[in-house]
Amino acid sequence: MFKGVYTALITPFKDGGVDWDALGRLIENQVKAGLAGVVPCGSTGESATLNHEEHRSVIRFCVERVQKRIQVIAGTGSNATQESIDLTRFARDVGADGALIITPYYNKPGQEGLVRHYTQIAESVDIPVVLYNVPGRTAVDMTADTVVRLAKVKGIVAIKEATANMERAAIIHQRCGARMTLLSGDDATFLPFLAVGGQGVISVSANIAPSHVKGVWEAWSQGNYHLALSRHEQLLDLNRFLFCETNPIPVKAAAAMLGLCTPEIRLPLTPLTNENQQIVRGAIEALGLFGSV
C-alpha cells in the first residue's frame with residue numbers, strides 16, 4: 001500500500017503564519033519528481049508548534065493540492081489517544097490516504113499502553129495507519145515484539161522506523177513479513193534499511209532533493225545495487241548535514257537557500273548558525289541543487 005519515497009514535508013512560515021503559497025510550491029516539486037507521496041504535519045513539519053486549526057488546515061491543503069496525483073499520509077499523532085483519534089478521523093474525512101501516528105511522547109507509556117493506544121485508534125477510524133517509532137524524540141521505544149502484536153490489528157499496515165537500527169528492522173521484517181511494510185525514518189541509512197526488508201523512506205532530504213532520493217529507490221527496485229550505492233553515497237553529506245542541528249532547522253534553512261520558502265522557524269527552535277549555514281550550503285552546491293528547483 002505504501003512504498004517508495006515519501007517526503008516529510010516542512011511547514012513553511014511567513015510573518016508568523018503558514019505560507020500557503022510556499023507549501024503549494026513544495027508539494028508541486030514532490031509531484032513533479034514523481035514521488036510516492038507527501039507526509040504533512042510530522043516532526044519535520046513542526047507539528048509540535050502548530051495549533052489545532054493550523055494542523056487541520058495543513059492536512060486539508062495538502063490533500064486538496066495533491067488531488068490524488070500522489071499519496072498523502074497525514075501526521076495525526078498525539079500523546080493523548082482521543083486527540084489522535086480526532087485528528088485521524090479528520091484526515092480520513094478530508095481524503096488523506098493514510099495516517100502517520102507517532103508513539104505518545106512525554107507520557108512514556110509502556111509497551112501494553114502502546115498496543116492499546118494504536119489499537120484503539122485503528123479500531124476507531126477506518127484509514128490505513130502507519131506506526132511511527134522515533135525514541136530520540138518521544139522518550140519511548142516501540143519494541144519489535146510490540147510491532148509484531150500490532151501487525152495483527154486490522155488497519156495497521158506499516159511502520160516508520162526512525163531508530164537507524166538495522167537489526168531491529170530485520171527482526172520486524174522476519175517476524176511480520178508482508179503484514180507490516182517497513183519505511184525508513186532515517187535518510188542516512190535508507191539504503192542499508194532496504195537491504196534488510198525496507199520498502200521505502202519518509203525522507204527529510206526529499207524536501208530539497210526529491211529526484212536524488214527517488215534515484216536511490218529506483219536503482220534498488222530495478223536490482224541495480226551498484227547504482228543504488230553510488231546514488232546513496234552522493235547523498236551522504238547532505239543527509240548528514242541536514243541533521244547538524246535539530247531537524248527541521250537545517251532543512252528549513254536549505255529550502256530557504258533554494259528559494260523555496262523563508263527560513264522562518266518557530267520557537268523553541270532557533271535559526272541555523274552561521275557556521276552550519278556554510279556547511280549546508282556546501283552540501284547543496286555539491287549536488288548541483290542551486291537552479292534546479
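Considering the range 20-42, and only residues there that are in contact with a strand residue (DSSP E or B) (Cβ under 7 Å, 6 or more places away or on another chain) and under 20 Å from Phe90 (Cα atoms), the residue that is surrounded by the most Cβ atoms within 10 Å (Cβ to Cβ) turns out to be Pro40.
Apart from one condition, Pro250 fits all of (1) touching a Cys at 6+ places or on another chain (Cβ under 6 Å); (2) surrounded by fewer than 22 Cβ atoms within 10 Å (Cβ to Cβ); the exception is (2).
Of the listed requirements (1) at pLDDT below 95; (2) part of a helix (DSSP H, G or I), Asn107 misses just one: (2). Within the range 24-58, the set of residues being touching a Leu at 6+ places or on another chain (Cβ under 8 Å), within 19 Å of Pro248 (Cβ to Cβ) and free of Cβ contacts under 8 Å to residues at least 40 places away in the same chain comprises Ile27, Val38, Pro40, Cys41, His55.
Looking at the range 174-195, which of its residues are part of a helix (DSSP H, G or I) and either free of Cβ contacts under 8 Å to residues at least 12 places away in the same chain or within 20 Å of the chain's Cα centre (by Cα) (or both)? Gly177, Ala178, Asp187, Ala188, Thr189, Phe190, Leu191, Pro192, Phe193, Leu194, Ala195, listed by residue number. The residues listed here are Glu123, Glu112; of these, the one that is surrounded by fewer than 22 Cβ atoms within 10 Å (Cβ to Cβ) and out of contact with any helix residue (DSSP H, G or I) (no Cβ under 9 Å at 6 or more places or on another chain) is Glu123.
Here Ala48 clears all of (1) crowded, with 19+ Cβ neighbours inside 10 Å; (2) in a helix (DSSP H, G or I) except the condition numbered (1).
Remark: Ala122 falls outside the filter, which requires a residue to be under 18 Å from Cys62 (Cα atoms) and either hydrophobic (A, V, I, L, M, F, W, C) or not in a helix (DSSP H, G or I) (or both). The residues in the range 264-280 that are among the hydrophobic types (A, V, I, L, M, F, W, C) and in contact with a Phe, Trp or Tyr (Cβ under 8 Å, 6 or more places away or on another chain) can be counted, and the count is 3. Annotation: Asn133 fulfils all but one of (1) out of contact with any Gly (no Cβ under 8 Å at 6 or more places or on another chain); (2) touching a residue at least 40 places away in the same chain (Cβ under 8 Å); (3) polar (S, T, N, Q); the unmet one is (1).
Checking the structure you have, find out if any residue of the range 77-84 is crowded, with 19+ Cβ neighbours inside 10 Å, of a type outside the set (Phe, Trp, Tyr) and within 21 Å of Ser184 (Cβ to Cβ). Yes, some residue in the range 77-84 is crowded, with 19+ Cβ neighbours inside 10 Å, of a type outside the set (Phe, Trp, Tyr) and within 21 Å of Ser184 (Cβ to Cβ).
Please tell me if Val115 is at pLDDT 95 or above, in contact with a Lys or Arg (Cβ under 7 Å, 6 or more places away or on another chain), β-branched (Val, Ile, Thr) and assigned to a strand (DSSP E or B). No: the conditions fail for Val115.
Screening the candidates Leu229, Leu238 for the property of being over 17 Å from the mean Cα position of the chain (by Cα) and either in a loop (DSSP other than H, G, I, E, B) or without any contact (Cβ under 8 Å) to a residue 60 or more places away in the chain (or both) yields one hit, Leu229. Scanning the range 166-178 for residues that are out of contact with any helix residue (DSSP H, G or I) (no Cβ under 7 Å at 6 or more places or on another chain) and either crowded, with 21+ Cβ neighbours inside 10 Å or at pLDDT below 95 (or both) gives Gly177, Ala178. Any residue at all in the range 217-228 that is in contact with a Leu (Cβ under 9 Å, 6 or more places away or on another chain), within 26 Å of Ile102 (Cα to Cα), modelled with pLDDT of 95 or more and surrounded by 17 or more Cβ atoms within 10 Å (Cβ to Cβ)? Scanning the range 217-228, I find at least one residue that is in contact with a Leu (Cβ under 9 Å, 6 or more places away or on another chain), within 26 Å of Ile102 (Cα to Cα), modelled with pLDDT of 95 or more and surrounded by 17 or more Cβ atoms within 10 Å (Cβ to Cβ), so the answer is yes.
Restricting attention to the range 36-74, which residues are within 19 Å of Gly17 (Cα to Cα) and among the small types (Gly, Ala, Ser)? Those that are within 19 Å of Gly17 (Cα to Cα) and among the small types (Gly, Ala, Ser): Gly42, Ser43, Gly45, Ser47, Ala48, Ser57.
The values are calculated or read from the model by the stated rules, or taken from the named source; none is laboratory data. In this text, all values refer to a predicted model and were calculated from it rather than measured experimentally. Backbone-built Cβ (ideal geometry, glycine too); neighbour counts: all protein chains shown.
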